[in-house]
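Okay, structure first, notes after.
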Amino acid sequence: MPTDVPASILVIGLFLVYLSVGLLLGVVFKGKAGVPLSRRRPDSIHYSSGLTRLTDQAVGALNRGIKKRPTSFLSRVKLEQAGLNKEPGDYLLIAGAATLVAAVTGFFLGGLGISILFLLLAPFVLYLALNKLIARRRRKFDEQVPDTLQMFSGGLRAGHSLLRAIDAAAQENEAPMAEELSRILNETRIGRDLGESLADVSLRTASEDFYWIAQAIEIHREVGGDLAEVLDHVGETIRDRNQVRGQVRALSAEGRISALVLMALPILMFIGLVLFNPLYAKVFTTTVAGFAMLGAAAVLMSVGGLWLSRIIKPKY
């Protein structure tokens, strides 16, 4: 840890940290009503602080810039896939504040070198966290598909229409299935075709099983027949696929844990070295050779991580 830190740098760093936390808690994470207050209470007087107006302008500018130049790294669709009810500008503001806090924390932990390292790693970690949320949401959605399909067929056998069966399944399920089914109902109520809404759900969740359900419903709407029986057959196929998928994950669990340990061990060792022996770690953060070694280590670990990810993901 650096011993001679000017008081001005300490004050500026603490101010930036408090400002970032204030932006996150007071503006970004603040709950937003579905209907604006100006529409719900048109006669009331609305007050907003200068910080709120400044943040709203910044978020609006970020959203307009993303709409003009769409990118696959961060978009409204990607946030919806992760289950985040946020605009891209909100997430960018969160990422900027988190990166600032990480950089200031790194400076007080290990000096300028660690601060630069945390500054570069924070956006990458946030991007990995977003992809992790997407993967977790898709995996939970796939687990809910067989039970939801059984609810569909049960509702149809009870004499309900398909939309009524979807509504009942949306009320009985938990997120993310309940959110996606509710979105299907809302889209059909405003005039969108049911088949298109079902296909969009399968694309948004990357669920091949739900795509089969959408295709079965679309074919039934064209040729007719007993939809409940067709959904039962589709459900049997999906359960067999899930059983095989579970067996594959169980057999590859050891490889995945080994890969996680191999990737995490060098990083944890370096953090421990910085915390417990900063004088020894200062060689990596204050010299050209140290920066070169850190860069080479980052490149080698990236290549190794990509190699391990291909090994532990068997295709079946």
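When the range 73-94 is examined, which residues are found to be assigned to a helix (DSSP H, G or I) and touching a Pro at 6+ places or on another chain (Cβ under 7 Å)? Answer for the range 73-94, where residues must be assigned to a helix (DSSP H, G or I) and touching a Pro at 6+ places or on another chain (Cβ under 7 Å): Arg76, Leu79.
Taking each residue of the range 224-244 that is free of Cβ contacts under 8 Å to residues at least 24 places away in the same chain and at positive phi and looking for partners that are surrounded by 14 or more Cβ atoms within 10 Å (Cβ to Cβ) and of a type in the set (S, T, N, Q) with beta-carbon atoms closer than 9 Å, six or more apart or interchain, yields nothing.
Among the residues of the range 133-157, those identified as over 29 Å from the mean Cα position of the chain (by Cα) and either closer than 17 Å to Ser202 by Cα or open to solvent by less than 70 Å² (accessible area, probe 1.4 Å) (or both) are Ser153, Gly154, Gly155, Leu156. Within the range 224-257, being within 17 Å of Leu156 (Cα to Cα), of a type in the set (Val, Ile, Thr) and open to solvent by 50 Å² or more (accessible area, probe 1.4 Å) holds for one residue alone: Val230. Gly246: out of contact with any Pro (no Cβ under 9 Å at 6 or more places or on another chain), not basic (Lys, Arg) and not in a helix (DSSP H, G or I), yes or no? Answer is no for this residue. Quick one: which of Ala169, Ala122 is over 30 Å from Ala289 (Cβ atoms), buried (at least 16 other Cβ atoms within 10 Å of the Cβ) and of a type in the set (A, V, I, L, M, F, W, C)? Matching residue, one of Ala169, Ala122: Ala169. Could you go through the range 244-265 and let me know if any residue there is more than 30 Å from Val145 (Cα to Cα), among the polar types (S, T, N, Q) and out of contact with any strand residue (DSSP E or B) (no Cβ under 8 Å at 6 or more places or on another chain). There is at least one residue in the range 244-265 that is more than 30 Å from Val145 (Cα to Cα), among the polar types (S, T, N, Q) and out of contact with any strand residue (DSSP E or B) (no Cβ under 8 Å at 6 or more places or on another chain). For the range 261-296, the set of residues classified as β-branched (Val, Ile, Thr), open to solvent by 70 Å² or more (accessible area, probe 1.4 Å) and touching a residue at least 60 places away in the same chain (Cβ under 8 Å) consists of Thr286 only.
Looking only at the range 132-154, decide whether some residue is among the β-branched types (Val, Ile, Thr), under 19 Å from Tyr211 (Cα atoms) and without any contact (Cβ under 8 Å) to a residue 24 or more places away in the chain. No, the range 132-154 contains no residue that is among the β-branched types (Val, Ile, Thr), under 19 Å from Tyr211 (Cα atoms) and without any contact (Cβ under 8 Å) to a residue 24 or more places away in the chain.
The values are calculated or read from the model by the stated rules, or taken from the named source; none is laboratory data. Bear in mind the structure is a predicted one, so any value in this text is a computation, not a measurement. Note that we place each Cβ from the backbone using ideal geometry, even for glycine, and neighbour counts take in every protein chain shown. For accessibility, only protein heavy atoms count, side chains too; no ligands or nucleic acids. Shrake-Rupley method; radii C 1.70, N 1.55, O 1.52, S 1.80 Å.
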